[in-house]
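What follows is a single structure, written as C-alpha cells, with notes after it.
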Amino acid sequence: MCGIVGYIGNKSADSVLLVGLERLEYRGYDSAGIGIIEDGEMTIRKREGKLKALNDLLREMPVSGNIGIAHTRWATHGEPTTHNAHPHTDSQKKFALVHNGIIENYAELKEELIKEGYIFQSETDTEVIVHLLSKHYKDNFEQAVIKVINLLEGSFALAIISEYHPDTLIGARRGSPLIVGKGKGENFLASDIHALVNLTKTVYYLEDNEIAVLKRERLSFFNNTGKSIKKEEKHITIEAKAIDKAGHEHFMLKEIMEQPRIISNIIEKRIRDNKIHFSHIPMGNEYLVRVGRIIIQAAGTSWHAGLVGKFMIEEFARVHTEVDISSEFRYRNPVIEGDTLMIAISQSGETADTIAGLREAKSKFIKVLGLVNNKESTIARESDAVIDILAGPEIGVASTKAYIAQIISLFLWALYIARIKWSLKKETVEQYIQELKDLPDKIEQILKQKDKIEKLAKKYAAKNNFIFLGRSYNYPTAFEGALKLKEISYIHSTAYQAGEFKHGPIALIDATVPVICIVTKGEIYPKMLSNIQEVKSRKGIIITIATEGDESIKKLSDDVIYVPQTIDILSPVVNVIPLQLLAYYIAIQRGADVDQPRNLAKSVTVE
Ligand code: M6R
C-alpha cells in the first residue's frame, strides 16, 4: 500500500525515482511526489492523480540532484489531494520524508506539536513525523530518526532526506516492508522489490524497528536503540521481463493468459516420479500427522482460495479445517489449542491483517505455514514454514494467476498430508495428480474462447447488478467471480451459495438482473439445476458456466460458457477462468482502468 523509492548516487535521482515509481504504481495511485536535494536545497514536486500527472509537472518544472525520495500514495488519512501527497516537509523544509503505513497516535502527537507552534500543511498522519524530526534534531540525523520512531505507534516504512545532510538517505521500518538495495557508488531504498529490478541484485530486508543509513559508498544498519547491526545480504532473482506486459494491453490479461504455464510450472517443481515434494518444509512428518485442526486465515481473493482449500484438506487429509477472514480472526479471541496448524495465505505476503493473524497464532504458540508468492515477504519470514505458490510477480491489482496457484498449492499440500497420514492410497493420489496434469490444456481451451466471452461482456456491460451462484466446491468460485467484477468494473455484484439463495436473497431477482450460475457436471449438479430453476421462474437472466457437451443446460440459460470437464475438486480452477475474462472485458467495455482500479492498491499493508 503506497510505494516508496529512495536514491543516493551519481545519477540523476529524478530518473531513477520515476522508473521506480512506475513499477510501484500498482501499490497506490491517488497522488505521487518526489523530493530531491538540488544544489543543497530541498525541492519538492507532487501532484494529485496518477503518476502521469507528476511526470507532466516534472516536464514543466524539472528538478535534478543525486539524492531523493519518491512516493505513490494510497490515501488513508486525508483526501488524495496534492497537499496531502508525499513527500512531507517541516516548516523550514530542512527534512522531507515519504511514509507507508499508519501512525496510530498521530492525533495526540499533532495536538502537542500544534501547541508548541508547529504549523501543519496537510491532513495526513505522516506530517507529524517530519515535524517531530525537526523538533528532535540536534546535529545528528540518525539520532533524530531513532528518537522519533520510538515516539511513533502504528506502522511505518520511511525514507527520509535532510538538507543538513545532503549525503545521507535514511530508511526505517515497523510493520511495513522496506528494502535496501546496494549498488556501486549508489544505493537504493524501496518498499517493494520490483522497484529495484535492473538497478541491483543485492538487497537487505529491514526488520521491524531497524534503520538503514545510506551513503553513496556505504550502508549501515541500526536498531532503535542506536546499536549497530549486521544484515544478511540477499540476491534478487526477478528478471525485468517478468514485470512487463509482454505485449498485452493490461497486466491483468497477461496474468490470466499465463495461467496454464503457471500450473505447468508448479507441477514441474512439486511433482517428481508421480510423487508430491514438499520435503523442503521443515515441519516434520511426526508433527504433520498429529495436526488435529487447521485454521486458514487470509483476505480477499486469498480468502476465497482458503475456502476451496478447506474442501481439499478435509476431503484428502481428513483434518478439521476452518477458514477465517484475517481482519476478523485477529479480533475475536479465537480458541487455539493443542496441535493446531495455521495456514496464512497471502499473495503479497505483506497484508497487514494476515500478518496480524499470524502473530496472534504465534503468540498462542501454534505453528504457521505461510502460503505466499514472495519468499522474502514478512509472512514468509515470520512463518515456521513456507510454500511458495510459484505464480511469478502479479502486478494487476485484481488477483488472477495467484488465485489458481494458491488453490493448486493447497491441492498438492492436502494430497501430501494425505499420503503422510495414509488417508489416501498411493494409486488414488496418482489419479489426482493425473487430473492436475490435464489442467493446463483444459485452461488453454477456455482461453481460446476469449473473443466469445468478450462478446458476452458487450451484451451485459450496461447492467448495474450481478449475482453469482455456486455450490459446494464452487461457492468460493462464485465469491471470486463477484469480487473480480466489482473491483475492476465498479458494478455491484454479490455471490451466494446457491442453496442459501432461496432463504432471502432470491427477493433480489427480477427480469433485469443477470445471474451467473456455476453448474458444471459433478455431484451437486442436480441440486444446482433446481436452484437455477428457482431463478428462472422469477424471470432472472441466466448465464451459466457449464460442462462441454451439456446441451440441456441451454434450455435454462440465456447464455452459456462451456468449460472442459474435470473432477469436482479441481473444478474451481477451471470455472474461475471464464469469470476472470468476463470481469476483464466488462471492465474494458465500461472504460475502467483494470490494472489500477479506483480506491484500491495491490498490497494492503494497513489494518
Ligand atoms: O496479498 P494478499 O493475497 O494477502 O491480498 C489479499 C487481498 O487484498 C487481495 O486478494 C485482494 O482482494 C485482491 N484485490 C483481489 O483481486
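The values are calculated or read from the model by the stated rules, or taken from the named source; none is laboratory data. Computed from a predicted structure; not experimentally measured. As a convention, Cβ positions derive from the backbone with ideal geometry for all residues, glycine included, and neighbour counts pool all protein chains shown.
I'd like the full set of residues that are surrounded by fewer than 14 Cβ atoms within 10 Å (Cβ to Cβ) and part of a strand (DSSP E or B), limited to the range 214-228.
Listed by number, the list holds a single entry, SER228.
Take ILE542 and tell me if it is within 16 Å of the ligand (Cβ to nearest atom) and modelled with pLDDT of 95 or more. Give the derivation first.
On the way: within 16 Å of the ligand (Cβ to nearest atom): no; modelled with pLDDT of 95 or more: yes.
For ILE542, the condition - within 16 Å of the ligand (Cβ to nearest atom) and modelled with pLDDT of 95 or more - is not met.
Return the only residue of VAL519, VAL515, VAL576 being in contact with a helix residue (DSSP H, G or I) (Cβ under 9 Å, 6 or more places away or on another chain), surrounded by 22 or more Cβ atoms within 10 Å (Cβ to Cβ) and closer than 30 Å to GLY357 by Cβ.
Going through VAL519, VAL515, VAL576 in turn, the sole match is VAL576.
Taking ILE467 and the conditions (1) out of contact with any Pro (no Cβ under 9 Å at 6 or more places or on another chain); (2) not in a helix (DSSP H, G or I), which numbered condition does it fall short on, given that it satisfies the others?
Answer for ILE467: the failing condition is (1).
Just to verify a result, which residue in the range 314-349, among those that are charged (D, E, K, R) and either more than 16 Å from the ligand (Cβ to nearest atom) or out of contact with any helix residue (DSSP H, G or I) (no Cβ under 8 Å at 6 or more places or on another chain) (or both), is nearest to THR605 (Cα to Cα)? Reasoning before the result, please.
Kept after step one, since they are charged (D, E, K, R), are these residues of the range 314-349: 314-315, 318, 322, 324, 328, 330, 332, 337, 339.
Retained after the next criterion (residues that are either more than 16 Å from the ligand (Cβ to nearest atom) or out of contact with any helix residue (DSSP H, G or I) (no Cβ under 8 Å at 6 or more places or on another chain) (or both)): 314-315, 318, 322, 328, 332, 337, 339.
On the way: GLU314: 31, GLU315: 33, ARG318: 34, GLU322: 24, GLU328: 16, ARG332: 20, GLU337: 28, ASP339: 30 Å.
The selected residue is GLU328.
Given the structure, is GLY20 closer than 22 Å to LEU169 by Cβ, touching a Phe, Trp or Tyr at 6+ places or on another chain (Cβ under 6 Å) and not hydrophobic (A, V, I, L, M, F, W, C)? It would help to see each step written out before you state the result.
On the way: closer than 22 Å to LEU169 by Cβ: yes; touching a Phe, Trp or Tyr at 6+ places or on another chain (Cβ under 6 Å): no; not hydrophobic (A, V, I, L, M, F, W, C): yes.
Answer is no for this residue.
Taking interchain pairs and intrachain pairs at least six residues apart, which have beta carbon atoms under 9 angstrom, with the first residue in the range 396-412 and of a type in the set (S, T, N, Q) and the second assigned to a loop (DSSP other than H, G, I, E, B) and away from the ligand (no atom under 13 Å from the Cβ)?
Here the result reads THR400/GLU258; SER409/LEU390, each pair linking the range 396-412 to a residue that is assigned to a loop (DSSP other than H, G, I, E, B) and away from the ligand (no atom under 13 Å from the Cβ).
Looking at (1) within 23 Å of the chain's Cα centre (by Cα); (2) within 22 Å of ASN373 (Cβ to Cβ), can you tell me which one PHE278 breaks?
Unmet condition: (1).
Of everything in the range 79-119, what is modelled with pLDDT under 95 and among the aromatic types (Phe, Trp, Tyr)? Give them in sequence order.
TYR106
Given ILE387, ILE443, which one is within 16 Å of the ligand (Cβ to nearest atom), modelled with pLDDT of 95 or more and either surrounded by 18 or more Cβ atoms within 10 Å (Cβ to Cβ) or assigned to a helix (DSSP H, G or I) (or both)?
On the way: ILE443 fails: within 16 Å of the ligand (Cβ to nearest atom).
Matching residue, one of ILE387, ILE443: ILE387.
Conditions first: (1) more than 20 Å from ASP388 (Cα to Cα); (2) touching a residue at least 24 places away in the same chain (Cβ under 8 Å). ASP244 passes all but one, so which condition is the exception?
It is condition (2) that ASP244 fails.
Return only the number of the condition from (1) at pLDDT 95 or above; (2) touching a helix residue (DSSP H, G or I) at 6+ places or on another chain (Cβ under 6 Å); (3) away from the ligand (no atom under 16 Å from the Cβ) that LEU307 does not satisfy.
It is condition (3) that LEU307 fails.
Among the residues in the range 256-269, are any surrounded by fewer than 19 Cβ atoms within 10 Å (Cβ to Cβ) and without any contact (Cβ under 8 Å) to a residue 40 or more places away in the chain?
Taking every residue of the range 256-269 in turn, at least one turns out to be surrounded by fewer than 19 Cβ atoms within 10 Å (Cβ to Cβ) and without any contact (Cβ under 8 Å) to a residue 40 or more places away in the chain.
For the range 359-376, how many residues are more than 11 Å from the ligand (Cβ to nearest atom) and either over 30 Å from LEU24 (Cα atoms) or at pLDDT 95 or above (or both)?
So the first thing to find is which residues in the range 359-376 are more than 11 Å from the ligand (Cβ to nearest atom), and the list is 359-369, 375-376.
From what is left, the residues that are either over 30 Å from LEU24 (Cα atoms) or at pLDDT 95 or above (or both) are 361-369.
The number of residues fulfilling the criteria is 9.
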